[in-house]
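Working notes, structure below.
The values are calculated or read from the model by the stated rules, or taken from the named source; none is laboratory data. Here the structure is a predicted model, which is why all the values come from computation and not from measurement. Cβ: placed from backbone, ideal geometry, glycine included. Neighbour counts: every protein chain shown. To get the accessible areas, we keep the full protein, side chains included, count just its heavy atoms, and leave off ligands, DNA and RNA. Shrake-Rupley method; radii C 1.70, N 1.55, O 1.52, S 1.80 Å.
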Amino acid sequence: MSLNMFGSPASYIQGSDVLFKSAEYLARLGNRILLLAGPTSLRIVGNEFGDYLINNDFTVTKVQFNGESSENEIKRVSKIGHDNHVEMVIGLGGGKTIDAAKAIADNLSAKTVILPTVASTDAPCSRLSVIYQDNGEFDHYRFYNQNPDLVMVDTKVIATAPAKLLACGMADALATNIETQAVKKSHGLNMLGEHQTLVGLAVAQECENTLFAYGDEAYAAAIAHADTKAFDRIVEANTLMSGVGFESGGLAAAHAINDALSVLNGPVHERLHGEKVAFGLLTQLMLEGAATERFEKYFHFLKKLHLPTNFVELGIEDPSEANLLKVGKAACAPNDTMNRMPFEVTPLDVINAMRGVDAYSIAKYSATHH
C-alpha cells in the first residue's frame with residue numbers, strides 16, 4: 001500500500017546578505033568544503049564567498065563547474081572531492097550547478113548545501129537532480145534518500161541577476177500547482193514515489209496564490225535590481241514553495257514537455273528551463289481542455305513576463321509533423337512524468353495541444369496589434 005509523503009530541506013534560510021552570515025550554520029555540518037560554482041557565479045560572489053569561508057577557518061576546495069550536470073562532470077568533481085576528503089559540498093549557482101552538487105554530495109556521502117544565485121528554477125530544495133548528456137539532451141532523473149541539509153538564499157545576490165531569470169523561475173513555479181492538481185486527479189505518485197500529503201497540496205496552491213498576488217511587482221523590482229518585499233516573496237515562491245510543492249505534489253505534462261523539447265536542434269536548445277516550462281504548462285492546459293477563462297489567466301501572466309507562448313518565441317524553427325512527433329514521443333516516454341496525467345496522453349495528443357497553444361498565441365498577438 002502506498003504511503004503519503006512530504007519532503008523538504010532540513011533548513012531553509014532566506015534574506016539579504018545571508019551568505020556572509022552563514023559560517024555558524026555551515027560549521028554545524030563540517031569543516032572541509034568543496035565549493036562548486038560556474039565562472040559567472042564565481043565572479044559575482046563565489047570568490048569573495050570562498051575567502052569568507054577561509055577567513056572563518058573552513059578548509060575550501062574551489063572547483064569551477066563546466067556547465068552541464070552530466071555523469072562525466074559529476075564523476076570528475078566527485079574525484080576531486082574524494083581526494084580532498086570533503087565533508088560538505090556547496091553548490092553555488094543556477095539549476096545545473098545545483099543538480100550536479102547534489103549528485104556529487106551523494107557520491108561522497110557528504111552534507112549537501114545549496115546556495116542559489118538566481119531564482120530561476122525550483123531545483124534548490126528537492127532530493128532529485130535532472131541529469132543531462134554532455135550535449136545538453138535530457139537523460140534521466142536521479143533521486144536521493146533525503147533533501148539538502150541546508151538551503152541558503154541571498155536575496156541581495158539574486159536581485160543582481162537579470163529579471164528574465166526571475167521570470168523563468170515564476171513560470172517554473174506556476175507549473176507547480178497545475179501539475180500537482182493533475183497528479184491529484186490521477187491519484188498518482190509524487191516525485192518521492194508516494195502519494196501527496198495535504199501539506200504538499202497546500203504549499204502548491206499557496207505558491208500559485210503568491211505568484212498572482214506579487215508577480216508583477218516583483219518582476220518590476222527585478223528589472224530595477226531592487227530587493228523589495230514583493231521580490232522577497234516571489235523568490236520564496238520560486239525556490240521554497242515551488243521546490244517543496246513540485247516534489248511533494250508531483251510533476252505531469254508541463255515538465256515532460258520541457259524535457260522533450262531537448263530533442264530538437266536550433267534556438268529552442270538555448271532556451272532556459274523556465275521558458276520551456278512556460279510553453280509546457282500552456283500545453284498541459286490545452287491537453288486538459290481548460291476553459292478559456294482559466295487558460296487566459298495563465299497565458300496573460302506569462303505574456304507579461306515576456307515568456308514564450310508560441311513556436312517562434314520558443315525557437316522552434318521548423319514545427320513540422322516529424323519534429324513535433326519527436327517531441328511528442330519523448331514527452332510520453334515511460335521514464336518521464338506524462339503518465340501522471342489523469343488520462344492517457346499519446347504523442348499525437350501532444351502535437352495537437354502544442355499546435356493549439358501556438359495558434360491561440362498567434363491569434364491573440366495579432367488581435368492586440370491591429
field: Computed magnitude of the charge dipole of segment 217-343 (debye, nearest 20; Cβ of K, R +1, Cβ of D, E -1)
entry: 180 debye
statement: When the charge dipole of segment 1-61 is computed with +1 on Lys and Arg Cβ and -1 on Asp and Glu Cβ about the Cα centre, the Cα farthest towards its positive end, among 10, 52, 37, belongs to 10
message: Connecting C-alpha atoms closer than 10 Å in a GNM of the chain, tell me which of 231, 20, 299 has the biggest fluctuation.
response: 20
message: Check which residues have an amide H placed less than 5 Å from residue 111's amide H, if you skip close sequence neighbours.
response: 88, 89
Given charges at beta-carbon only (K, R positive; D, E negative), |dipole| of the chain in Debye: 180 debye
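Return the calculated 222 nm mean residue ellipticity for the chain, to the nearest 500 deg cm²/dmol, obtained by summing -39500 (n - 2.57) across DSSP H runs with n ≥ 4 and dividing by the residue count. Write out the running numbers ahead of the final one.
Values: 15 runs with 185 residues, N = 370.
The helix contribution divided over the chain gives -15500 deg cm²/dmol.
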task: Answer with one residue from 262, 170, 231: the one whose Cα lies farthest towards the positive end of the charge dipole of the chain, charges on Cβ with Lys, Arg +1 and Asp, Glu -1.
output: 231
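Hey, can you find the accessible area per residue of segment 160-240 for me, probe 1.4 Å, expressed in square angstrom?
Here the per-residue accessible area is 38 Å².
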Under Karplus coefficients 6.51, -1.76 and 1.60, residue-wise ³J(HN,Hα) of segment 260-275 in Hz, glycine/proline x: 5, 5, 5, 7, 8, 8, x, x, 4, 5, 8, 5, 6, 3, x, 5
statement: Output ordering of 86-98, 182-194 (per-residue mean of other Cβ within 10 Å, highest first) is 86-98, 182-194
- prompt: Any idea what angle helix 198-223 forms with the longest principal axis of the chain, computed on alpha-carbon atoms, 0 to 90 degrees, nearest 10?
  reply: 90 degrees
message: At a threshold of 8 angstrom on Cα-Cα distance, excluding pairs fewer than six apart, so keeping six or more, what relative contact order does the chain reach in percent?
response: 16 percent
- request: Report the antiparallel proportion of the DSSP beta bridges in the chain as a percent, rounded to a multiple of 5.
  value: 15 percent
- prompt: Past the 20 Å Cα-Cα mark, which pairs from 75/326; 96/276; 62/111?
  reply: 75/326
statement: If amide H atoms are modeled at 1.01 Å from N in the peptide plane, then the residues at a separation of 5 or more from residue 14, or on another chain, having amide H under 5 Å from its own are 153
task: Just the number, please: carbon plus sulfur as a percent of the accessible area of the chain, 1.4 Å probe, no ligands or DNA/RNA counted.
output: 52 percent
- request: Have a look at 116, 308, 39 and tell me which one the Gaussian network model of the chain (Cα, springs below 10 Å) gives the largest fluctuation.
  value: 39
The chain: angle of helix 321-331 to the longest principal axis, Cα-based, in degrees nearest 10: 50 degrees
